[in-house]
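See structure below.
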Amino acid sequence: MPIMLIHNAKQLLTLRGGPQRGEILGNLGIIENGAVLFRDARIVEVDASSDLIARHPAEARLDAGGKVVMPGFVDAHTHPMWAGDRAAEFERRLQGKTYLEILEAGGGILSTVKATRNASTEELLNQTRPRLLQMFAHGSTTIEAKTGYGLDLETELRLLKSLVALDNEGPWDLAITFLGAHAIPAEFKGRGDEFTKELCANWLPEVKNWWHENVAGRPLAFVDVFCETGAFSLEQSRQILETATDLGFPTKIHADEFDNLGGTNLAMELGAISADHLVSTSTAEISKLGESEMVAVALPATPFGLAETKYANAKAILAANGLLAVASDLNPGTAWCENMQFSLALACRFLKLTPAQAIAASTINGAAAVRRQANVGSIEVGKQADLLILDVDDYRHLGYRFGTNLVHTVIKKGVPYPVQTWPNGLDPIDI
Ligand code: NIG
Ligand code: FE
(Lines give C-alpha, C1' and ligand atoms only; values in the text may rest on other atoms or scores of the structure.)
(Ligands and ions follow the chains in the order given, each with its own letter.)
Protein backbone atom coordinates (compact mmCIF):
# COMPACT_ATOMS: atom_id res chain seq x y z
CA MET A 1 0.00 0.00 0.00
CA PRO A 2 1.60 3.28 -1.09
CA ILE A 3 1.53 6.52 0.83
CA MET A 4 -1.58 8.62 0.24
CA LEU A 5 -2.32 12.22 1.10
CA ILE A 6 -5.91 13.41 1.47
CA HIS A 7 -6.00 17.19 1.30
CA ASN A 8 -8.41 20.09 0.92
CA ALA A 9 -10.82 19.03 3.67
CA LYS A 10 -12.75 22.19 4.50
CA GLN A 11 -13.25 20.81 7.99
CA LEU A 12 -11.08 17.93 9.13
CA LEU A 13 -12.73 16.55 12.28
CA THR A 14 -9.86 14.86 14.14
CA LEU A 15 -11.69 13.97 17.40
CA ARG A 16 -8.19 13.91 18.92
CA GLY A 17 -7.54 13.50 22.63
CA GLY A 18 -9.36 10.29 23.56
CA PRO A 19 -12.92 9.46 24.70
CA GLN A 20 -14.99 12.45 25.79
CA ARG A 21 -16.76 12.38 29.14
CA GLY A 22 -19.66 14.48 30.33
CA GLU A 23 -19.80 18.08 29.26
CA ILE A 24 -16.59 17.97 27.20
CA LEU A 25 -18.44 15.74 24.71
CA GLY A 26 -18.45 17.39 21.29
CA ASN A 27 -14.83 18.46 21.04
CA LEU A 28 -14.21 17.77 17.36
CA GLY A 29 -10.62 19.06 17.13
CA ILE A 30 -11.30 20.69 13.76
CA ILE A 31 -8.47 21.57 11.39
CA GLU A 32 -9.69 24.03 8.74
CA ASN A 33 -8.47 23.08 5.28
CA GLY A 34 -6.90 19.98 6.77
CA ALA A 35 -5.00 17.04 5.36
CA VAL A 36 -4.13 13.49 6.43
CA LEU A 37 -1.20 11.39 5.30
CA PHE A 38 -1.31 7.65 5.69
CA ARG A 39 0.95 4.74 4.87
CA ASP A 40 0.06 1.04 4.98
CA ALA A 41 -3.36 1.67 6.53
CA ARG A 42 -1.92 3.83 9.36
CA ILE A 43 -2.16 7.57 9.80
CA VAL A 44 1.31 9.10 9.84
CA GLU A 45 0.64 12.88 9.74
CA VAL A 46 -2.34 15.19 10.32
CA ASP A 47 -2.01 18.90 9.57
CA ALA A 48 -3.13 21.87 7.48
CA SER A 49 -3.22 21.03 3.74
CA SER A 50 -0.60 23.60 2.76
CA ASP A 51 1.87 22.29 5.33
CA LEU A 52 1.42 18.62 4.46
CA ILE A 53 1.64 19.24 0.72
CA ALA A 54 4.79 21.32 1.24
CA ARG A 55 6.37 18.51 3.23
CA HIS A 56 5.27 15.73 0.87
CA PRO A 57 4.99 17.24 -2.61
CA ALA A 58 5.45 13.93 -4.45
CA GLU A 59 2.87 11.73 -2.68
CA ALA A 60 -0.25 10.40 -4.38
CA ARG A 61 -3.08 12.77 -3.52
CA LEU A 62 -6.81 12.48 -3.04
CA ASP A 63 -8.57 15.86 -3.20
CA ALA A 64 -11.39 16.00 -0.64
CA GLY A 65 -12.86 18.83 -2.71
CA GLY A 66 -13.60 21.20 0.18
CA LYS A 67 -15.79 18.62 1.92
CA VAL A 68 -15.89 17.45 5.54
CA VAL A 69 -13.49 14.62 6.47
CA MET A 70 -14.07 12.72 9.71
CA PRO A 71 -13.30 9.34 11.34
CA GLY A 72 -15.48 6.41 10.32
CA PHE A 73 -18.38 5.67 12.66
CA VAL A 74 -17.85 3.00 15.30
CA ASP A 75 -21.30 1.43 15.67
CA ALA A 76 -21.01 -0.12 19.13
CA HIS A 77 -24.26 -2.12 19.29
CA THR A 78 -25.76 -4.19 16.48
CA HIS A 79 -27.50 -7.53 15.89
CA PRO A 80 -26.77 -7.92 12.16
CA MET A 81 -27.05 -11.70 11.74
CA TRP A 82 -30.54 -13.15 11.48
CA ALA A 83 -32.87 -14.81 8.99
CA GLY A 84 -36.34 -13.65 7.97
CA ASP A 85 -38.16 -10.51 9.03
CA ARG A 86 -40.77 -9.23 11.49
CA ALA A 87 -42.96 -7.11 9.22
CA ALA A 88 -46.13 -8.83 10.49
CA GLU A 89 -45.10 -8.13 14.08
CA PHE A 90 -44.52 -4.47 13.22
CA GLU A 91 -48.08 -4.32 11.97
CA ARG A 92 -49.40 -6.02 15.14
CA ARG A 93 -47.60 -3.49 17.30
CA LEU A 94 -49.17 -0.66 15.36
CA GLN A 95 -52.52 -2.28 16.10
CA GLY A 96 -51.82 -2.13 19.85
CA LYS A 97 -49.77 -5.13 21.00
CA THR A 98 -46.59 -4.29 22.92
CA TYR A 99 -43.08 -5.60 22.27
CA LEU A 100 -42.96 -7.50 25.58
CA GLU A 101 -46.46 -9.00 25.06
CA ILE A 102 -45.38 -10.38 21.71
CA LEU A 103 -42.16 -11.82 23.22
CA GLU A 104 -44.15 -13.39 26.09
CA ALA A 105 -46.43 -15.11 23.53
CA GLY A 106 -43.42 -16.74 21.85
CA GLY A 107 -43.04 -14.18 19.05
CA GLY A 108 -40.54 -11.33 18.82
CA ILE A 109 -36.94 -12.45 19.29
CA LEU A 110 -38.17 -16.09 19.44
CA SER A 111 -39.74 -15.91 16.00
CA THR A 112 -36.42 -14.69 14.57
CA VAL A 113 -34.72 -17.53 16.46
CA LYS A 114 -36.93 -20.04 14.64
CA ALA A 115 -36.10 -18.59 11.23
CA THR A 116 -32.40 -18.36 12.08
CA ARG A 117 -32.14 -21.97 13.28
CA ASN A 118 -33.77 -23.10 10.05
CA ALA A 119 -31.42 -21.11 7.82
CA SER A 120 -28.26 -22.64 6.44
CA THR A 121 -24.95 -20.98 7.21
CA GLU A 122 -24.72 -19.87 3.62
CA GLU A 123 -28.19 -18.27 3.80
CA LEU A 124 -27.20 -16.47 6.99
CA LEU A 125 -24.03 -15.14 5.40
CA ASN A 126 -25.96 -14.07 2.32
CA GLN A 127 -28.58 -12.21 4.37
CA THR A 128 -26.06 -10.56 6.70
CA ARG A 129 -23.43 -9.45 4.19
CA PRO A 130 -25.66 -6.88 2.41
CA ARG A 131 -26.60 -5.35 5.78
CA LEU A 132 -22.92 -4.92 6.65
CA LEU A 133 -22.33 -3.46 3.20
CA GLN A 134 -25.12 -0.93 3.74
CA MET A 135 -23.72 -0.02 7.14
CA PHE A 136 -20.28 0.40 5.64
CA ALA A 137 -21.59 2.50 2.76
CA HIS A 138 -23.31 4.74 5.33
CA GLY A 139 -20.01 5.27 7.12
CA SER A 140 -19.73 2.54 9.78
CA THR A 141 -16.15 1.27 9.47
CA THR A 142 -16.08 -0.64 12.78
CA ILE A 143 -19.20 -2.56 13.76
CA GLU A 144 -19.95 -4.42 16.96
CA ALA A 145 -21.93 -7.55 15.99
CA LYS A 146 -23.85 -9.85 18.33
CA THR A 147 -25.00 -13.45 18.08
CA GLY A 148 -28.28 -14.13 19.89
CA TYR A 149 -30.75 -15.50 17.35
CA GLY A 150 -29.59 -19.11 17.73
CA LEU A 151 -30.17 -19.73 21.44
CA ASP A 152 -29.03 -23.33 21.23
CA LEU A 153 -25.34 -23.97 21.54
CA GLU A 154 -24.93 -25.37 18.06
CA THR A 155 -26.60 -22.44 16.33
CA GLU A 156 -24.95 -19.86 18.56
CA LEU A 157 -21.53 -21.32 17.64
CA ARG A 158 -22.58 -21.27 13.98
CA LEU A 159 -23.42 -17.56 14.30
CA LEU A 160 -20.14 -16.86 16.05
CA LYS A 161 -18.23 -18.68 13.35
CA SER A 162 -20.12 -16.85 10.60
CA LEU A 163 -19.45 -13.46 12.19
CA VAL A 164 -15.74 -14.32 12.38
CA ALA A 165 -15.88 -15.26 8.68
CA LEU A 166 -17.52 -11.92 7.80
CA ASP A 167 -14.94 -10.06 9.89
CA ASN A 168 -12.17 -11.80 7.93
CA GLU A 169 -13.91 -11.01 4.67
CA GLY A 170 -14.05 -7.25 5.43
CA PRO A 171 -13.60 -4.45 4.43
CA TRP A 172 -15.27 -3.60 7.75
CA ASP A 173 -13.90 -4.55 11.17
CA LEU A 174 -16.31 -6.44 13.42
CA ALA A 175 -16.17 -6.45 17.23
CA ILE A 176 -17.96 -9.70 18.02
CA THR A 177 -20.24 -10.30 21.00
CA PHE A 178 -21.72 -13.57 22.27
CA LEU A 179 -25.36 -12.94 23.21
CA GLY A 180 -26.49 -16.47 24.07
CA ALA A 181 -28.53 -14.73 26.80
CA HIS A 182 -30.78 -12.80 24.42
CA ALA A 183 -34.04 -14.53 25.44
CA ILE A 184 -35.14 -17.70 27.22
CA PRO A 185 -35.49 -20.17 24.32
CA ALA A 186 -38.84 -21.92 23.81
CA GLU A 187 -37.47 -25.28 25.02
CA PHE A 188 -36.66 -23.65 28.39
CA LYS A 189 -39.96 -21.71 28.71
CA GLY A 190 -40.68 -21.12 32.41
CA ARG A 191 -37.25 -22.52 33.31
CA GLY A 192 -35.06 -19.46 33.05
CA ASP A 193 -32.92 -20.47 36.02
CA GLU A 194 -32.10 -23.79 34.38
CA PHE A 195 -31.24 -22.11 31.13
CA THR A 196 -28.99 -19.67 33.00
CA LYS A 197 -27.23 -22.59 34.68
CA GLU A 198 -26.71 -24.35 31.38
CA LEU A 199 -25.33 -21.19 29.81
CA CYS A 200 -22.89 -20.63 32.66
CA ALA A 201 -21.80 -24.24 33.13
CA ASN A 202 -21.48 -25.30 29.50
CA TRP A 203 -21.99 -22.60 26.87
CA LEU A 204 -19.60 -19.93 28.09
CA PRO A 205 -16.67 -22.34 28.63
CA GLU A 206 -17.41 -23.87 25.23
CA VAL A 207 -17.40 -20.46 23.54
CA LYS A 208 -14.12 -19.62 25.21
CA ASN A 209 -12.53 -22.87 24.00
CA TRP A 210 -13.89 -22.42 20.50
CA TRP A 211 -12.53 -18.89 20.36
CA HIS A 212 -9.06 -19.89 21.55
CA GLU A 213 -8.90 -22.71 19.04
CA ASN A 214 -10.27 -20.81 16.07
CA VAL A 215 -9.63 -17.09 16.48
CA ALA A 216 -6.04 -17.15 17.62
CA GLY A 217 -4.40 -13.90 18.49
CA ARG A 218 -7.53 -11.76 18.78
CA PRO A 219 -9.03 -10.57 22.06
CA LEU A 220 -11.92 -12.65 23.38
CA ALA A 221 -15.44 -11.75 22.22
CA PHE A 222 -17.71 -9.73 24.52
CA VAL A 223 -20.46 -11.47 26.46
CA ASP A 224 -23.79 -9.63 26.66
CA VAL A 225 -27.13 -10.31 28.38
CA PHE A 226 -30.65 -8.90 27.87
CA CYS A 227 -31.60 -7.94 31.44
CA GLU A 228 -35.32 -7.24 31.17
CA THR A 229 -38.79 -8.30 32.26
CA GLY A 230 -39.59 -11.39 30.19
CA ALA A 231 -35.91 -12.04 29.39
CA PHE A 232 -33.21 -12.37 32.12
CA SER A 233 -33.79 -11.21 35.69
CA LEU A 234 -31.21 -9.19 37.57
CA GLU A 235 -30.08 -12.29 39.46
CA GLN A 236 -29.79 -14.39 36.29
CA SER A 237 -27.92 -11.55 34.59
CA ARG A 238 -25.55 -11.38 37.55
CA GLN A 239 -24.79 -15.09 37.28
CA ILE A 240 -24.11 -14.88 33.57
CA LEU A 241 -21.92 -11.78 33.76
CA GLU A 242 -20.01 -13.00 36.81
CA THR A 243 -19.28 -16.34 35.12
CA ALA A 244 -18.25 -14.55 31.93
CA THR A 245 -15.95 -12.22 33.89
CA ASP A 246 -14.37 -15.14 35.75
CA LEU A 247 -13.67 -16.81 32.40
CA GLY A 248 -11.95 -13.63 31.18
CA PHE A 249 -14.63 -12.29 28.84
CA PRO A 250 -15.17 -8.52 28.65
CA THR A 251 -18.89 -7.89 29.27
CA LYS A 252 -21.83 -5.76 28.16
CA ILE A 253 -25.47 -5.57 29.17
CA HIS A 254 -28.82 -4.60 27.64
CA ALA A 255 -30.27 -2.67 30.58
CA ASP A 256 -33.38 -0.59 31.19
CA GLU A 257 -34.76 -0.81 27.64
CA PHE A 258 -38.25 -1.04 29.14
CA ASP A 259 -38.11 -1.68 32.89
CA ASN A 260 -35.56 -0.57 35.47
CA LEU A 261 -34.31 -3.84 37.01
CA GLY A 262 -30.95 -2.55 38.26
CA GLY A 263 -28.89 -3.82 35.32
CA THR A 264 -26.91 -0.59 35.00
CA ASN A 265 -25.78 -0.79 38.63
CA LEU A 266 -24.90 -4.44 38.21
CA ALA A 267 -22.81 -3.71 35.12
CA MET A 268 -20.89 -0.95 36.91
CA GLU A 269 -20.32 -3.21 39.88
CA LEU A 270 -18.92 -6.00 37.69
CA GLY A 271 -16.71 -3.72 35.58
CA ALA A 272 -18.65 -4.18 32.33
CA ILE A 273 -17.34 -2.30 29.30
CA SER A 274 -20.76 -0.87 28.45
CA ALA A 275 -24.41 -0.77 29.46
CA ASP A 276 -26.75 -0.19 26.55
CA HIS A 277 -30.27 1.28 26.06
CA LEU A 278 -30.63 3.03 29.48
CA VAL A 279 -34.09 4.37 28.71
CA SER A 280 -35.56 3.79 32.17
CA THR A 281 -32.36 3.95 34.24
CA SER A 282 -32.84 5.43 37.72
CA THR A 283 -31.44 8.82 38.71
CA ALA A 284 -29.33 7.10 41.36
CA GLU A 285 -27.70 4.84 38.77
CA ILE A 286 -27.12 7.72 36.35
CA SER A 287 -25.40 9.74 39.05
CA LYS A 288 -22.85 6.92 39.49
CA LEU A 289 -21.82 6.86 35.82
CA GLY A 290 -19.41 9.74 36.39
CA GLU A 291 -17.20 7.61 38.63
CA SER A 292 -17.35 4.60 36.34
CA GLU A 293 -15.21 3.69 33.32
CA MET A 294 -18.27 2.00 31.81
CA VAL A 295 -19.67 3.47 28.60
CA ALA A 296 -23.40 4.31 28.50
CA VAL A 297 -24.60 3.42 25.00
CA ALA A 298 -27.78 5.16 23.86
CA LEU A 299 -29.74 3.58 21.01
CA PRO A 300 -32.27 6.15 19.83
CA ALA A 301 -33.39 4.13 16.80
CA THR A 302 -34.99 1.63 19.20
CA PRO A 303 -37.66 3.81 20.85
CA PHE A 304 -38.14 5.43 17.45
CA GLY A 305 -38.58 2.01 15.82
CA LEU A 306 -41.07 1.03 18.52
CA ALA A 307 -42.94 4.34 18.14
CA GLU A 308 -42.29 5.13 21.79
CA THR A 309 -41.73 8.55 23.24
CA LYS A 310 -39.21 7.86 25.98
CA TYR A 311 -35.50 8.01 25.13
CA ALA A 312 -32.28 7.62 27.17
CA ASN A 313 -31.73 10.65 29.37
CA ALA A 314 -28.52 11.71 27.67
CA LYS A 315 -28.51 15.16 29.24
CA ALA A 316 -28.53 13.65 32.74
CA ILE A 317 -25.80 11.17 31.77
CA LEU A 318 -23.61 14.04 30.57
CA ALA A 319 -24.43 16.18 33.61
CA ALA A 320 -23.28 13.25 35.77
CA ASN A 321 -19.99 13.22 33.79
CA GLY A 322 -20.82 9.86 32.18
CA LEU A 323 -19.16 8.51 29.05
CA LEU A 324 -21.91 8.48 26.41
CA ALA A 325 -21.91 6.67 23.07
CA VAL A 326 -24.61 6.50 20.40
CA ALA A 327 -25.12 3.32 18.33
CA SER A 328 -27.70 1.90 15.93
CA ASP A 329 -28.98 -1.34 17.57
CA LEU A 330 -29.63 -2.70 14.07
CA ASN A 331 -31.97 -5.69 14.56
CA PRO A 332 -35.11 -7.09 12.91
CA GLY A 333 -37.49 -6.39 15.82
CA THR A 334 -37.02 -2.82 16.96
CA ALA A 335 -34.58 -1.04 14.68
CA TRP A 336 -33.91 -2.27 11.17
CA CYS A 337 -31.83 0.66 10.02
CA GLU A 338 -28.31 0.32 8.66
CA ASN A 339 -27.71 4.07 8.51
CA MET A 340 -25.82 5.42 11.55
CA GLN A 341 -26.42 8.94 10.30
CA PHE A 342 -30.11 8.41 11.07
CA SER A 343 -29.25 7.47 14.67
CA LEU A 344 -27.30 10.75 14.90
CA ALA A 345 -30.29 12.68 13.58
CA LEU A 346 -32.50 11.04 16.25
CA ALA A 347 -29.86 11.70 18.93
CA CYS A 348 -29.96 15.41 18.09
CA ARG A 349 -33.74 15.60 18.32
CA PHE A 350 -34.59 13.18 21.16
CA LEU A 351 -31.40 13.00 23.24
CA LYS A 352 -30.91 16.74 22.67
CA LEU A 353 -27.32 16.34 21.55
CA THR A 354 -25.69 18.90 19.27
CA PRO A 355 -24.33 17.52 15.99
CA ALA A 356 -20.80 17.79 17.43
CA GLN A 357 -21.81 15.77 20.49
CA ALA A 358 -23.56 13.14 18.38
CA ILE A 359 -20.45 12.82 16.19
CA ALA A 360 -18.11 12.34 19.16
CA ALA A 361 -20.55 9.86 20.73
CA SER A 362 -20.57 7.74 17.56
CA THR A 363 -16.83 7.80 16.80
CA ILE A 364 -14.31 8.05 19.64
CA ASN A 365 -16.81 7.15 22.37
CA GLY A 366 -18.23 4.31 20.28
CA ALA A 367 -14.65 3.04 20.01
CA ALA A 368 -14.38 3.10 23.82
CA ALA A 369 -17.57 1.00 24.03
CA VAL A 370 -15.80 -1.78 22.08
CA ARG A 371 -12.36 -1.18 23.62
CA ARG A 372 -10.83 -0.04 20.36
CA GLN A 373 -10.15 3.61 21.24
CA ALA A 374 -6.40 3.06 20.80
CA ASN A 375 -6.90 2.03 17.17
CA VAL A 376 -10.00 3.74 15.73
CA GLY A 377 -12.51 6.53 16.41
CA SER A 378 -10.29 9.53 15.68
CA ILE A 379 -7.88 10.87 13.08
CA GLU A 380 -4.58 10.80 14.96
CA VAL A 381 -1.06 9.68 14.17
CA GLY A 382 -0.66 5.92 14.68
CA LYS A 383 -4.34 5.09 14.28
CA GLN A 384 -5.88 3.01 11.53
CA ALA A 385 -6.76 5.08 8.43
CA ASP A 386 -10.57 4.72 8.69
CA LEU A 387 -12.05 7.97 7.35
CA LEU A 388 -15.15 9.36 5.72
CA ILE A 389 -15.40 12.11 3.15
CA LEU A 390 -18.88 13.60 3.55
CA ASP A 391 -20.64 15.32 0.71
CA VAL A 392 -21.09 18.53 2.77
CA ASP A 393 -18.89 21.47 3.75
CA ASP A 394 -20.21 21.91 7.30
CA TYR A 395 -20.30 19.01 9.78
CA ARG A 396 -23.63 20.17 11.22
CA HIS A 397 -25.39 18.70 8.20
CA LEU A 398 -24.94 15.43 10.11
CA GLY A 399 -27.89 15.43 12.46
CA TYR A 400 -29.64 18.24 10.65
CA ARG A 401 -30.38 16.12 7.59
CA PHE A 402 -31.72 12.58 7.76
CA GLY A 403 -32.72 9.66 5.58
CA THR A 404 -30.26 10.13 2.73
CA ASN A 405 -26.62 9.13 2.72
CA LEU A 406 -24.20 12.04 3.15
CA VAL A 407 -21.12 9.82 2.78
CA HIS A 408 -19.22 10.47 -0.44
CA THR A 409 -16.23 8.13 0.12
CA VAL A 410 -15.37 5.60 2.81
CA ILE A 411 -11.65 5.08 3.41
CA LYS A 412 -11.00 1.82 5.23
CA LYS A 413 -7.49 0.84 6.29
CA GLY A 414 -6.20 3.39 3.80
CA VAL A 415 -8.26 2.09 0.85
CA PRO A 416 -10.84 4.50 -0.65
CA TYR A 417 -14.31 3.11 -1.53
CA PRO A 418 -16.46 5.52 -3.54
CA VAL A 419 -20.04 5.34 -2.29
CA GLN A 420 -21.83 7.48 -4.85
CA THR A 421 -22.81 5.00 -7.50
CA TRP A 422 -24.84 7.35 -9.70
CA PRO A 423 -22.70 10.46 -9.87
CA ASN A 424 -23.94 11.52 -13.27
CA GLY A 425 -27.64 10.70 -13.09
CA LEU A 426 -29.54 7.55 -13.83
CA ASP A 427 -29.14 5.52 -16.95
CA PRO A 428 -32.26 3.48 -17.71
CA ILE A 429 -31.71 -0.25 -18.28
CA ASP A 430 -32.12 -1.43 -21.86
CA ILE A 431 -34.72 -4.17 -21.95
O1 NIG B 1 -31.56 -4.31 21.56
N2 NIG B 1 -33.51 -5.97 23.36
C3 NIG B 1 -32.97 -6.94 22.89
N4 NIG B 1 -32.42 -6.98 21.69
C5 NIG B 1 -32.78 -6.07 20.64
C6 NIG B 1 -34.06 -6.41 20.02
C7 NIG B 1 -33.97 -7.71 19.41
C8 NIG B 1 -35.19 -8.14 18.68
O9 NIG B 1 -36.30 -7.68 18.93
O10 NIG B 1 -35.01 -8.98 17.77
C11 NIG B 1 -32.67 -4.64 21.11
O12 NIG B 1 -33.60 -3.84 21.01
FE1 FE C 1 -29.70 -4.73 21.27
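The values are calculated or read from the model by the stated rules, or taken from the named source; none is laboratory data. What you are looking at is a predicted structure, and each value in this text was computed from that prediction instead of being measured. Every residue, glycine as well, gets a Cβ built from its backbone with ideal geometry; the counts of neighbours run over all protein chains shown. Ligands, DNA and RNA are stripped out before the accessible areas are found, and what is left, the full protein with its side chains, is counted by its heavy atoms. Shrake-Rupley method; radii C 1.70, N 1.55, O 1.52, S 1.80 Å.
Looking across the range 198-227 at every residue that is within 26 Å of residue 106 (Cβ to Cβ), in contact (Cβ under 8 Å) with a residue 40 or more places away in the chain and of a type outside the set (A, V, I, L, M), the one that is surrounded by the fewest Cβ atoms within 10 Å (Cβ to Cβ) is identified as 202.
The set of residues in the range 107-128 being hydroxyl-bearing (Ser, Thr, Tyr), farther than 11 Å from residue 84 by Cβ and either open to solvent by 10 Å² or more (accessible area, probe 1.4 Å) or in contact with a strand residue (DSSP E or B) (Cβ under 6 Å, 6 or more places away or on another chain) (or both) consists of 120, 121. Screening 117, 92, 158, 131 for residues that are within 16 Å of ligand 2 (Cβ to nearest atom), charged (D, E, K, R) and outside the structural domain of residue 381 (by TED's automatic domain parsing) leaves exactly one candidate, 131.
The residues on offer are 404, 409, 363, and the sole one that is surrounded by fewer than 24 Cβ atoms within 10 Å (Cβ to Cβ), touching a Pro at 6+ places or on another chain (Cβ under 8 Å) and hydroxyl-bearing (Ser, Thr, Tyr) is 409. Of the strands (runs of 3 or more DSSP E) entirely within the range 257-333, those holding at least 1 residues that are over 19 Å from residue 377 (Cβ atoms) and either within 15 Å of ligand 2 (Cβ to nearest atom) or modelled with pLDDT under 95 (or both) occupy 274-277. When residue 100 is tested against (1) over 16 Å from residue 330 (Cα atoms); (2) part of a helix (DSSP H, G or I); (3) more than 13 Å from ligand 1 (Cβ to nearest atom), exactly one condition is not met: (3).
Any residue at all in the range 51-74 that's of a type outside the set (A, V, I, L, M) and within 16 Å of ligand 1 (Cβ to nearest atom)? Scanning the range 51-74 turns up no residue that is of a type outside the set (A, V, I, L, M) and within 16 Å of ligand 1 (Cβ to nearest atom).
Working only within the range 412-423, note down all residues that are open to solvent by less than 10 Å² (accessible area, probe 1.4 Å) and not small (Gly, Ala, Ser). Listed by number, the list holds a single entry, 412. Condition first: modelled with pLDDT of 95 or more, acidic (Asp, Glu) and away from ligand 1 (no atom under 16 Å from the Cβ). Can you find one or more residues in the range 159-171 that meet it? Yes, the conditions are met somewhere in the range 159-171.
Kindly establish whether residue 179 is on the phi > 0 side of the Ramachandran plot and either away from ligand 1 (no atom under 16 Å from the Cβ) or not β-branched (Val, Ile, Thr) (or both).
Taking the combined requirement at face value, the residue does not satisfy it.
Among the candidates 52, 28, 37, 5, the residue that is aliphatic (A, V, I, L, M) and closer than 29 Å to residue 347 by Cα is uniquely 28. Among residues belonging to the range 315-338 that are more than 16 Å from ligand 1 (Cβ to nearest atom) and open to solvent by 10 Å² or more (accessible area, probe 1.4 Å), point out the one that is nearest to the chain's Cα centre (by Cα). Step by step, filter the range 315-338, then rank; the result is 323. Within the range 245-256, being within 14 Å of ligand 2 (Cβ to nearest atom) and either open to solvent by 10 Å² or more (accessible area, probe 1.4 Å) or without any contact (Cβ under 8 Å) to a residue 40 or more places away in the chain (or both) holds for 253, 254, 255, 256. Within the range 84-97, the set of residues being part of a loop (DSSP other than H, G, I, E, B) and within 12 Å of ligand 1 (Cβ to nearest atom) comprises 84, 85, 86. All told, residue 242 falls short of being open to solvent by 50 Å² or more (accessible area, probe 1.4 Å), in contact (Cβ under 8 Å) with a residue 40 or more places away in the chain, in contact with a helix residue (DSSP H, G or I) (Cβ under 9 Å, 6 or more places away or on another chain) and at negative phi.
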